Amino acid sequence: MKNFKKAIVLGAGGFIGHHLVQRLKEEGLWVLGADIKLPEFSPTAADEFLIGDLRDIDFVGRVIFEDVDEVYQLAGDVGGAGYIFTGLNDANVMHNSAQINLNVAKIAVDRKVKSLFFSSSACIYPANNQTDPLSPNCEESSAYPANPDSEYGWEKLMAERLFLAYKRNFGLNVKIARFHNIFGPESTWNGGKEKAPAAICRKVAEANGNQKIQIWGSGQQTRSFLFIDDCIDATLKLMRSDFVGPYNIGSEEMISMSDFTKLVLKISQKENEIETIDGPIGVQGRSSHNKLIIQDLNWSPKFSLEEGLKQLYPWILSQVYKTK
Ligand code: NAD
């Protein structure tokens, strides 16, 4: 262990954390994962994996060891629109994620962590800049005056400020990214915490005959989606740069949810009709704005939405078959 660069991934049982652990291992790092649960769909590649509750500062103190090279803070109480935008989980989302971030910031300084990455979110951007589905503004500099449309977004904004305050006051070497709708295999695909790409792939995979594919809202609301491999590339590039952020890590390939569903239908070779129904949708338009990350880090996504969905859809289909 001594000669290897060492990394800790908090949230290593989750979608992005699990993929990140795999990549860090491929790069030859020694990796410790921590989460309240093991990854759901395949074994972790981590050298060690500690199961525990990161809301408990003693547990965080056991996970983050002295002088570790890289700590990735991805743990949080998160979910898709059905979890974040109904209002039913607001107190838990804020309390659980804030508690984790408070603990991590403090212990990271105590243990003299060399670099800490924090995953913020596109959900921090002001709702009033995202009312037009065709021209949302998610430029990094537009975050203030703040007006996120969810408590999840407010907590992320508070956490960005928390980590930046620890940087100013205690020299914490933090890097912050605002992820925009990351998707790919081994993401939550059912149960209520799934995000739109997995939920729509599941609905299409499960649909038979003339069954309609139900999507929430008018279908005209727009989003952009970033494939997981691109997300990991950008995360590592930011972590190993001299830049701090916050940077958007997302795609600029904006699409309406109705066209998104048509694309999944095309990949599935099905011809079911789409039906729009009432449901929590969040803002009308949202897309990444990549000028700053291109300029500072020379990073852009490699995968198109269609290329990414060609990897996600068969995986969701295999999960649907397994549960039959
Ligand atoms: P995820 O839910 O798959 O992973 C989060 C992990 O945190 C889970 O494995 C969960 O068990 C763990 N966790 C939650 N509470 C915990 C606790 N008290 N103690 C220990 N572990 C705990 O989510 P993800 O999609 O992998 O997202 C990772 C990070 O990136 C999150 O912070 C999320 O807010 C952020 N993010 C993700 C997206 C996206 O599209 N996936 C977009 C923006 C931001």
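Give the number of residues within region 127-155 that are assigned to a helix (DSSP H, G or I), within 25 Å of Ser256 (Cβ to Cβ) and either in contact with a helix residue (DSSP H, G or I) (Cβ under 9 Å, 6 or more places away or on another chain) or within 16 Å of the ligand (Cβ to nearest atom) (or both). Adding up the residues that qualify gives 7. Of all the listed residues (Lys193, Lys203, Lys237), the sole one being more than 14 Å from the chain's Cα centre (by Cα), assigned by TED's automatic domain parsing to the domain that holds Asp259 and of a type in the set (D, E, K, R) is Lys203.
Matching residues to (1) assigned to a loop (DSSP other than H, G, I, E, B); (2) hydrophobic (A, V, I, L, M, F, W, C); (3) modelled with pLDDT under 95; (4) within 22 Å of Asp230 (Cα to Cα):
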residue: Gly13; (1), (2), (3), (4): yes, no, no, yes
residue: Leu24; (1), (2), (3), (4): no, yes, no, yes
residue: Ala34; (1), (2), (3), (4): no, yes, no, no
residue: Leu38; (1), (2), (3), (4): yes, yes, no, no
residue: Val60; (1), (2), (3), (4): no, yes, no, no
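Could you go through region 12-24 and let me know if any residue there is closer than 21 Å to Asp233 by Cβ, outside the structural domain of Trp189 (by TED's automatic domain parsing), in contact with a Lys or Arg (Cβ under 6 Å, 6 or more places away or on another chain) and of a type in the set (A, V, I, L, M, F, W, C). There is no residue in region 12-24 that is closer than 21 Å to Asp233 by Cβ, outside the structural domain of Trp189 (by TED's automatic domain parsing), in contact with a Lys or Arg (Cβ under 6 Å, 6 or more places away or on another chain) and of a type in the set (A, V, I, L, M, F, W, C).
Inspect all residues belonging to region 81-90 and state whether any of them is surrounded by fewer than 16 Cβ atoms within 10 Å (Cβ to Cβ), of a type in the set (Ser, Thr, Tyr), farther than 25 Å from Val109 by Cβ and modelled with pLDDT under 95. There is at least one residue in region 81-90 that is surrounded by fewer than 16 Cβ atoms within 10 Å (Cβ to Cβ), of a type in the set (Ser, Thr, Tyr), farther than 25 Å from Val109 by Cβ and modelled with pLDDT under 95. Look at (1) closer than 22 Å to Gln269 by Cα; (2) within 11 Å of the ligand (Cβ to nearest atom) and you find that Thr188 fails only one, number (1).
In the set (1) under 21 Å from Cys231 (Cβ atoms); (2) under 21 Å from the mean Cα position of the chain (by Cα); (3) away from the ligand (no atom under 13 Å from the Cβ); (4) of a type in the set (Gly, Ala, Ser), the condition left unmet by Gly80 is number (3).
For region 89-126, a residue qualifies if it is among the basic types (Lys, Arg) and part of a helix (DSSP H, G or I), and exactly one does: Lys106.
The values are calculated or read from the model by the stated rules, or taken from the named source; none is laboratory data. As the structure is a prediction and not an experimental result, all values here were calculated from the model. Ideal geometry is used to build each Cβ from the backbone, glycine not excepted, and the neighbour counts take in all protein chains shown.
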